[in-house]
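What follows is a short report on a single structure.
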Amino acid sequence: QVTCIEVVEAYVERIKEVNPLINAVVKDRFEEALQEARQVDQLLSEGPGDDYLEEKFPLLGVPITVKEAFSLHGMPNTSGLVNRRNVIATSDATVVSRLKQAGAIPLGVTNCSELCMWYESSNKVYGRTNNPYDLQRIVGGSSGGEGGGLAAACSVIGVGSDIGGSIRMPAFFNGIFGHKPTTGVVPNDGQFPNARGVRTSFLCTGPMCRYAEDLELMLKVMAGPGANKLKLNEKVSLEKIKFHCMDHDGGSIFVSPVDKEILQAQKKVVEHLESELGVQVQRVAIHKMKYSFQIWSAMMSSKDSDGQEAQMFSDLLGDHGKPVWPLWELIKWLVGMSSHTLPAIGLGLTEKLMKLNPGANAKLVSMGKSLQKEMETLLGSDGVLLYPSHPTTAPRHHSPICMPFNFAYTAIFNVLGLPVTQCPLGLSSEGLPLGIQLVAASYNDHLTLAVAQYLEKAFGGWVLPGKM
């Protein structure tokens, strides 16, 4: 009904309208995108059959945005690191290339936290991104520009990555869908920083979008030949899923208690599933989840099976320059002389402290492995766990510094390697997005995606910011 050029022009105008407020898109490629849209219209006018086009170009003419940590040819690729501010990508990351080959049109790249390791998207290269539902609040991180931009309708779908919740937290704070696939299926190459050693099995690249049905299509394209492992073509009978529900992590001392409205939203989901599908949602209390933050931290800094050490975050901070000493950077930061953000410096310091107690770390790694077996057994081939996406709705700017470990609610599933979909559940009394994580056993991504589509219909999915 509309031409591709009309669609792309509409999104370009939208970005120009909202980006001065939210600062989500940090570099655009509007001219190239409009040119690519004209080529799509040309192709359509030449009239190869719709079936042929859908098969060959499933995302033909769809405007997308890409997290700046991924290489997108001709665009910056700094990950918010001042040392890299002159780095321009000369090729496309594998997932970006696959989306482009499927016909998608990139409009630009979006903001992230410094080196993608914090849950507020703010850095010394591009500044801070603001939440479209309340500009005084965070968009989350590290794929925060992507989350905020999609929520504000700056593009249709987007590319994020996730090693501790970097897809799911921004998706939750901005009321959209985000999926962390089963580990090792979607390629991670072409992003900076990329994972090394043991972290290669925790980092996941995945889709972010406003509409649940787009997750599956994007995932098929991004996973390429690996998509078969995820059973995405299998029909899911929701009545046959064994649902489990956990309201909180059991009360970790490091993490905020879960907000009442988030618990209330989760309760409504349970009641809806039980009354509409006739299923029995099983309440579970998995004791080890209380140690989610400690398990994630220990597993992130453990050696891989070849005995290779995990790459130190402070080494990454020194990319394209001299080594960085976190304590010295902290002193410089206090007098306004550091080119790094406080969370990045804090992470560098924490990492050094983690190395001081190898015995405790080994114990936590073994607890993580036993939790993984427990989860896989509980969920099996037909189970879905309902679990909060975060203990609070989108916090105010800077306040994550006071509760730095709240990301444990998402991070634990990275080290367990399980597929998780973040699903929006309307807005809180303050007008901030609510949501829930849907978790399945490895390679059962099709289950969480099917439940997300069902809950979107039941609870309304994405809500346009400003529509109160």
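Residues in segment 125-135 that are open to solvent by 30 Å² or more (accessible area, probe 1.4 Å), touching a helix residue (DSSP H, G or I) at 6+ places or on another chain (Cβ under 7 Å) and either of a type in the set (Asp, Glu) or within 21 Å of Ser79 (Cβ to Cβ) (or both): Val125 only. For segment 45-61, the criterion of being open to solvent by less than 40 Å² (accessible area, probe 1.4 Å) and at pLDDT 95 or above is satisfied by at least one residue. One residue stands out among those in segment 367-398 that are hydroxyl-bearing (Ser, Thr, Tyr), outside any loop (DSSP other than H, G, I, E, B) and touching a residue at least 24 places away in the same chain (Cβ under 8 Å): the one that is farthest from Val415 (Cα to Cα), which is Tyr387. Where helices (runs of 4 or more DSSP H) fall wholly inside segment 231-344, the ranges with 1 or more residues that are modelled with pLDDT under 95 are 292-300, 313-317, 326-334. Restricting attention to segment 136-163, the residues being open to solvent by 10 Å² or more (accessible area, probe 1.4 Å), touching a helix residue (DSSP H, G or I) at 6+ places or on another chain (Cβ under 6 Å) and at negative phi number 1. No other residue among Phe192, Phe254 is buried (at least 19 other Cβ atoms within 10 Å of the Cβ) and under 27 Å from Ile401 (Cβ atoms) apart from Phe192.
Tallying residues that are of a type in the set (Lys, Arg) and either touching a His at 6+ places or on another chain (Cβ under 7 Å) or modelled with pLDDT of 80 or more (or both) within segment 352-376 yields 3. Tell me yes or no: at least one residue of segment 387-395 is of a type in the set (A, V, I, L, M, F, W, C) and surrounded by 20 or more Cβ atoms within 10 Å (Cβ to Cβ). Yes, segment 387-395 contains a residue that is of a type in the set (A, V, I, L, M, F, W, C) and surrounded by 20 or more Cβ atoms within 10 Å (Cβ to Cβ). If we scan segment 97-110, do we find a residue that is part of a helix (DSSP H, G or I) and open to solvent by less than 10 Å² (accessible area, probe 1.4 Å)? The answer is yes, given that some residue of segment 97-110 is part of a helix (DSSP H, G or I) and open to solvent by less than 10 Å² (accessible area, probe 1.4 Å). If the condition is being touching a Cys at 6+ places or on another chain (Cβ under 7 Å) and either hydrophobic (A, V, I, L, M, F, W, C) or on the phi > 0 side of the Ramachandran plot (or both), then segment 27-67 contributes Ala37, Val40, Gly61. Residues that are touching a strand residue (DSSP E or B) at 6+ places or on another chain (Cβ under 8 Å), open to solvent by 10 Å² or more (accessible area, probe 1.4 Å) and under 18 Å from Leu232 (Cα atoms) within segment 421-446 are absent altogether. Look at Leu219 and say whether it is surrounded by 19 or more Cβ atoms within 10 Å (Cβ to Cβ), touching a residue at least 60 places away in the same chain (Cβ under 8 Å) and closer than 19 Å to Pro419 by Cα. Yes. Residues being part of a strand (DSSP E or B) and either farther than 21 Å from Gln453 by Cβ or out of contact with any helix residue (DSSP H, G or I) (no Cβ under 8 Å at 6 or more places or on another chain) (or both): count how many of those fall in segment 177-208. Qualifying residue count, segment 177-208: 2.
When Lys457 is tested against (1) in contact (Cβ under 8 Å) with a residue 60 or more places away in the chain; (2) open to solvent by 40 Å² or more (accessible area, probe 1.4 Å), just one condition goes unmet, and that condition is (1). Restricting attention to segment 28-65, the residues being out of contact with any Ser or Thr (no Cβ under 7 Å at 6 or more places or on another chain) and outside any loop (DSSP other than H, G, I, E, B) number 24.
Taking first residues from segment 280-297 that are under 24 Å from Phe202 (Cα atoms) and of a type in the set (Lys, Arg) and partners that are assigned to a helix (DSSP H, G or I) and open to solvent by 20 Å² or more (accessible area, probe 1.4 Å), the Cβ contacts under 6 Å between residues at least 6 apart in sequence or on separate chains come to Lys288/Met367.
The values are calculated or read from the model by the stated rules, or taken from the named source; none is laboratory data. Note that this is a predicted model, so its numbers are computed, not measured. Every residue, glycine among them, receives a Cβ derived from its backbone with ideal geometry; neighbour counts consider all protein chains shown. Ligands, DNA and RNA are stripped out before the accessible areas are found, and what is left, the full protein with its side chains, is counted by its heavy atoms. Shrake-Rupley method; radii C 1.70, N 1.55, O 1.52, S 1.80 Å.
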